[in-house]
Each structure stands twice: as C-alpha cells, then as structure tokens.
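One structure below.
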Amino acid sequence: MDARVFGPLLLSAWANAAGAQEAPFGLAWGPVTDVPRPSMVDRQANVTALTYLHDRPLASGADTDRVILEVCRDEGLQQVVWLSRPLSAAELPARYDAILREGTRRNGPPRSDTRSGTLAWPNGRTLLAVGKPGPGGRRLVMLSRGERYDARSRAQASTTGHPANVHAGRLIDGKDGDPR
C-alpha cells in the first residue's frame, strides 16, 4: 500500500484530538457495550484485553497485524493498541513518515524520546514507536489512551504490583492472551 494512502487510512480511524471522547476505530472511551468477537482475551486484575488478529473486524487493514483493546472494569475502554504487520527495511520509512505527517497534521508537532525512539502527541494521547516482531523485520506500534488511563493504571498497580503499561507490553509482545 502506498505511503500516501497508508497514513490517512490508518489515522482516519485513529484518535482525533478535537474529539476527546473519540477513540480509534469509531469507538468511544469509557463503558463498552458492544464490540466484535475478539481473537483472544486476556484478563488481569481490573483489565480485560481484547485482541483482534488481522482477519477480524477492527484489524482488517492490509498493513495491520492486530489491534488490542484494553477495557477496565471501572473505567471502560482506556487503551487501543495498533500493531502493523512486520515491515521490511525498505517499507518501514514510508509507512512511518506517512503516520508522522498525519499525526502532526491532526495533533501538532510530536515530542520525541530519543532513549526509547518513540514519538508522542500529548494532545491526542497517542504514541508511535517502532518495535521488532522477530528476526528480520520491524513493526509500527501506535497506542492511544483515554483520559482515565492513569487512574486505571494506578488501580492495576495496587492489585498486581505493576502499572498497566507492563501488562500492555506483554500483550504487544504476544506473551499473553487466550485464543477465542
């Protein structure tokens, strides 16, 4: 898929800073009443993570490997994670640049963390990173968080001993989740 098409397609579904209640993929932050059947479900303390593999609704884009919705029992939907399929060294720059341009258009200039290699758009509560899916490839990872994510993370830390981002990291790495 051409980079001029990839960025707008992905980010048209992604969080828009002007609509604080909007979450990616036409979802809303907060209580969840109806979502498509996930490929996998993982429960930890007060959080249920719903993982959609590339052949399921929400994760059906050509460059999408999976989408993870993290739903808190008390706060509802609080994080959406999008993972690209493994990208070759030749594909990655065009995909990354398209997302960077669209994110900047929607949310202003991002902040860069050179230690972790991430970009963050605080106004859109969105983060872009490059991860390694395995030998020979890299993938793009986007996280978008609801306004109540920090409260959910504190509740999870009090129950499990670690903040929510530890659980999310294991899900992104594919180390948790029961097939459904």
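The values are calculated or read from the model by the stated rules, or taken from the named source; none is laboratory data. None of the values given here were measured: they were computed from a predicted structure. Heads up: the accessible areas ignore ligands, DNA and RNA and are worked out on the full protein's heavy atoms, side chains in. Shrake-Rupley method; radii C 1.70, N 1.55, O 1.52, S 1.80 Å.
Points worth noting:
- Number of the exception - residue 176 against (1) part of a helix (DSSP H, G or I); (2) modelled with pLDDT under 80: (1)
- Residues located in the range 104-126, provided they are part of a loop (DSSP other than H, G, I, E, B) and among the hydroxyl-bearing types (Ser, Thr, Tyr): 114, 116
- Any chance residue 82 is more than 24 Å from residue 53 (Cα to Cα) and under 15 Å from the mean Cα position of the chain (by Cα): no
- Restricting the range 54-91 to residues that are assigned to a loop (DSSP other than H, G, I, E, B) and of a type in the set (S, T, N, Q), the residue that is farthest from residue 160 (Cα to Cα): 88
- Residue 34 fulfils the conditions (1) open to solvent by 70 Å² or more (accessible area, probe 1.4 Å); (2) outside any strand (DSSP E or B); (3) at pLDDT 90 or above except for a single criterion, (3).
- Residue in the range 1-9 that is at pLDDT 90 or above, charged (D, E, K, R) and within 19 Å of residue 138 (Cα to Cα) present: no
- Single match in 102, 70 (criterion: acidic (Asp, Glu), open to solvent by less than 10 Å² (accessible area, probe 1.4 Å) and on the phi < 0 side of the Ramachandran plot): 70
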